[in-house]
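Reviewing the structure listed below.
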Amino acid sequence: MTTIATICARGGSKGLPRKNVLPFLGTPLIAHSIAFARAHPAIDGGVFVSTDDPDIARIARDAGATVPYLRPAEMARDDSPKLPVIEHLVAHLEAQGRVIDCVVDLQPTSPLRTAADLDGCLQRWAAADAPGLVLTVFDSGLNPYFNLVEPAADGSVALSKGGGLGRRQSAPPVWALNGSIYVWRRQALAHAAQHGMWSVRVAAHPMPASRSVDIDTADDFALAQWWAARQLAEGQTPR
């Protein structure tokens with residue numbers, strides 16, 4: 001079985017301009033995900049970056065990733081969905097003769113993941129019930145049965161689900177996607193690229209909120225650096 005890592009990074013970012021190349025603990029942000037993938041023994045088929053930006057491509061190559069091409073402009077718009085971008089990259093590699101069984105997609109704006117997080121995803125991926133995708137989630141503290149409300153036509157609000165519970169612990173467990181890790185079966189990825197992520201069987205691997213920061217704003221960036229520095233001070237490492 002061959003497992004590759006993919007990392008998708010557009011040059012444009014409205015929330016935090018140039019976020020993928022901003023120094024994160026002294027190293028360009030995208031380089032942290034590249035180093036993580038290169039260090040994990042399960043990723044034996046290479047680390048590949050899809051980007052439309054020459055500067056990101058240069059930094060990615062310097063960090064040890066392969067950037068086989070600059071992404072077509074029609075796949076680099078603000079509204080471009082991600083799954084066709086990953087499928088485009090994987091299909092390009094297969095056209096060169098590579099055989100790919102497993103695709104580990106890493107979000108470059110989630111630098112706090114650890115090897116144990118990916119280990120957990122891969123163990124779930126290899127389970128007997130064989131999900132097409134394993135993704136990472138976390139407990140956000142919000143629950144549609146307890147404290148998530150939605151507006152009605154008359155301007156009032158009501159709980160999104162259920163009739164109301166007196167304590168959060170009584171609510172069914174729910175998870176929020178953190179976007180950090182996606183582990184795909186090759187054929188499931190091809191199907192989802194056409195029909196959407198939820199068209200395949202999905203399983204989840206929980207991560208703590210402290211490793212689930214997704215950088216989209218300057219505040220997110222500062223928070224993620226704080227958590228990363230704390231991990232290092234405690235003898236841990238985000239990678």
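In the range 163-209, what residues are modelled with pLDDT under 95 and either of a type in the set (A, V, I, L, M, F, W, C) or under 30 Å from residue 21 (Cβ atoms) (or both)?
165, 171, 174
Do any strands (runs of 3 or more DSSP E) entirely within the range 144-239 hold 1 or more residues that are of a type in the set (S, T, N, Q) and in contact with an Asp or Glu (Cβ under 7 Å, 6 or more places away or on another chain), and if so, which?
Per the criteria, 176-185.
Output the residues belonging to the range 1-18 that are at pLDDT 95 or above and not in a strand (DSSP E or B).
Answer for the range 1-18, where residues must be at pLDDT 95 or above and not in a strand (DSSP E or B): 2, 9.
When you scan the range 103-122, do you find a residue that is part of a loop (DSSP other than H, G, I, E, B) and among the acidic types (Asp, Glu), even just one?
no
In this structure, is residue 239 closer than 16 Å to residue 110 by Cα, of a type outside the set (Gly, Ala, Ser), at pLDDT below 95 and outside the structural domain of residue 82 (by TED's automatic domain parsing)?
The answer is yes for residue 239.
Kindly indicate which of 72, 111 is modelled with pLDDT under 95 and in the same structural domain as residue 30 (by TED's automatic domain parsing).
Checking each option against the conditions leaves just 72.
If residue 73 meets every condition in (1) among the hydrophobic types (A, V, I, L, M, F, W, C); (2) without any contact (Cβ under 8 Å) to a residue 60 or more places away in the chain; (3) farther than 21 Å from residue 194 by Cα apart from one, which number is that one?
Here residue 73 clears every test but (3).
So residue 24 clears everything in (1) out of contact with any Pro (no Cβ under 8 Å at 6 or more places or on another chain); (2) surrounded by 20 or more Cβ atoms within 10 Å (Cβ to Cβ) except one condition, right? Which one?
(1)
Restricting to the range 26-58, what's the tally of residues that are part of a helix (DSSP H, G or I) and either at pLDDT below 95 or under 19 Å from residue 114 (Cα atoms) (or both)?
The total comes to 11.
Would you confirm, using the coordinates I've provided, whether residue 90 is assigned by TED's automatic domain parsing to the domain that holds residue 222 and either part of a strand (DSSP E or B) or surrounded by fewer than 12 Cβ atoms within 10 Å (Cβ to Cβ) (or both)?
For residue 90, the condition - assigned by TED's automatic domain parsing to the domain that holds residue 222 and either part of a strand (DSSP E or B) or surrounded by fewer than 12 Cβ atoms within 10 Å (Cβ to Cβ) (or both) - is not met.
Pairs only if they're at least six apart or on different chains, beta carbon under 8 angstrom, first in the range 32-52 and at positive phi, second assigned to a strand (DSSP E or B); list them, first residue then second.
Final answer for the pair search is 46/4; 46/5; 46/66.
The values are calculated or read from the model by the stated rules, or taken from the named source; none is laboratory data. The model shown is predicted, which means the values in this text are computed figures rather than measured ones. With ideal geometry, Cβ positions are generated from the backbone for all residues, glycine too; neighbour counts draw on all protein chains shown.
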